[in-house]
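The values are calculated or read from the model by the stated rules, or taken from the named source; none is laboratory data. On a predicted model such as this, the values are computed, not experimentally measured, just so you know. Here Cβ is always computed from backbone atoms with ideal geometry, including for glycine, and neighbour counts include all displayed protein chains. Accessible surface is based on the protein model in full, side chains and every heavy atom, while ligands, DNA and RNA are left aside. Shrake-Rupley method; radii C 1.70, N 1.55, O 1.52, S 1.80 Å.
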Amino acid sequence: MTKWYAVYTQPGKEAMAARELGNQNFGVYLPLYQKLRRQAGRTGIVDAPLFPRYLFVGIDTENQRWRSVNGTRGVVGLVMSGDRPIPVPDPVIAEIRSREDEKGYIRLNPPGFRRGQTLRIVEGPMADTEALFEEAVDGNRAILLISLLGRLVRTQMPLRQVAAA
């Protein structure tokens, strides 16, 4: 019977490890979310693993050579207890999968705001300004539409700086 197991990977090698394990006919689940990243003065949204340095692999330990996972490129090893890998309970995987959006990305702590809802900025230079909520990014930031000089301007700010109007 196939069960899910956690695999510890080399830093930044989650995708490579997932690809290599898939090539060995293991079931692989690498939950991703979209993260806001700043690099060289530019800000962009990138795919990031929900659990850095970890992914899940489906193994039938009775019929598959599970020890080969430890020798896979990008993998440090299975999470073990003694000489046996520790299975991840099925409800844990089901809960993670239930948080996927239509594109397969994990939604992080939805802020409870809905698209088009009027919010009030509560701190920072734009305090007491009203804005329209567009979407949450990275679990920590919101994309807002603010009316400036007669037009809507799209901006991002930390979720902690906004509240329902």
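Once both labels are modelled 7 Å past Cα along the beta-carbon direction, what's the R73-T129 spacing in nm?
4.9
Starting from the Cα gyration tensor of the chain, take the square roots of the eigenvalues, sort them a ≥ b ≥ c, and report rounded, prolate or oblate (rounded when a/c is under 1.5, otherwise prolate if a/b is larger than b/c, else oblate).
Cα axes put the chain in the prolate bin.
In Å², what does the accessible area per residue of the chain work out to with a 1.4 Å probe?
62
Taking Cα atoms, how many degrees apart are the long axis of helix 14-23 and the longest axis of the chain, rounded to 10 and kept between 0 and 90?
On a 0 to 90 degree scale, this one is about 40.
Roughly speaking, what is the stretch gain from V46 to R120, that is 0.36 nm per residue apart minus the C-alpha to C-alpha distance, in nm to one decimal?
23.9 nm
If Lys and Arg each add +1 and Asp and Glu each add -1, what is the summed charge of the other residues whose beta carbon sits under 13 Å from the beta carbon of T72?
With Lys, Arg at +1 and Asp, Glu at -1, the net is +3.
So what is the calculated 222 nm ellipticity per residue for the chain, using -39500 (n - 2.57) for each DSSP H run with n of 4 or more, over all residues, to the nearest 500 deg cm²/dmol?
-3500 deg cm²/dmol
Hey, if we sort D60, D101 by accessible area with the 1.4 Å probe, largest down, what's the order?
Accessible-area ranking of D60, D101, largest first: D101, D60.
Taking the Cα centre as origin and putting +1 on Lys and Arg beta-carbons and -1 on Asp and Glu beta-carbons, what dipole magnitude results for the chain, to the nearest 20 debye?
Using only the charged Cβ atoms, the result is roughly 420 debye.
What shape does the range 118-165 have by the C-alpha gyration tensor, where a ≥ b ≥ c are the square roots of the eigenvalues, rounded means a/c under 1.5, and otherwise prolate means a/b greater than b/c and oblate the rest?
Oblate.
Which net charge results for the neighbourhood of R114, defined as the other residues with beta-carbon distances under 11 angstrom from its beta-carbon, given Lys and Arg at +1 and Asp and Glu at -1?
Every neighbour counted, the sum reads -1.
Have a look at M1, Y33, S81 and report the one farthest towards the positive end of the charge dipole of the chain, computed about the Cα centre with Cβ charges (Lys/Arg +1, Asp/Glu -1).
Y33
Using Cα positions and a limit of under 20 Å, work out the aspartates and glutamates in reach of K103, with same-chain residues fewer than 8 apart set aside.
E14, D47, E95, E134, E135, D138
With +1 assigned to the C-beta of every Lys and Arg and -1 to the C-beta of every Asp and Glu, and no other charges, what is the dipole magnitude of the range 111-165 about the Cα centre in debye, to the nearest 20?
So the dipole magnitude of the range 111-165 works out to roughly 120 debye.
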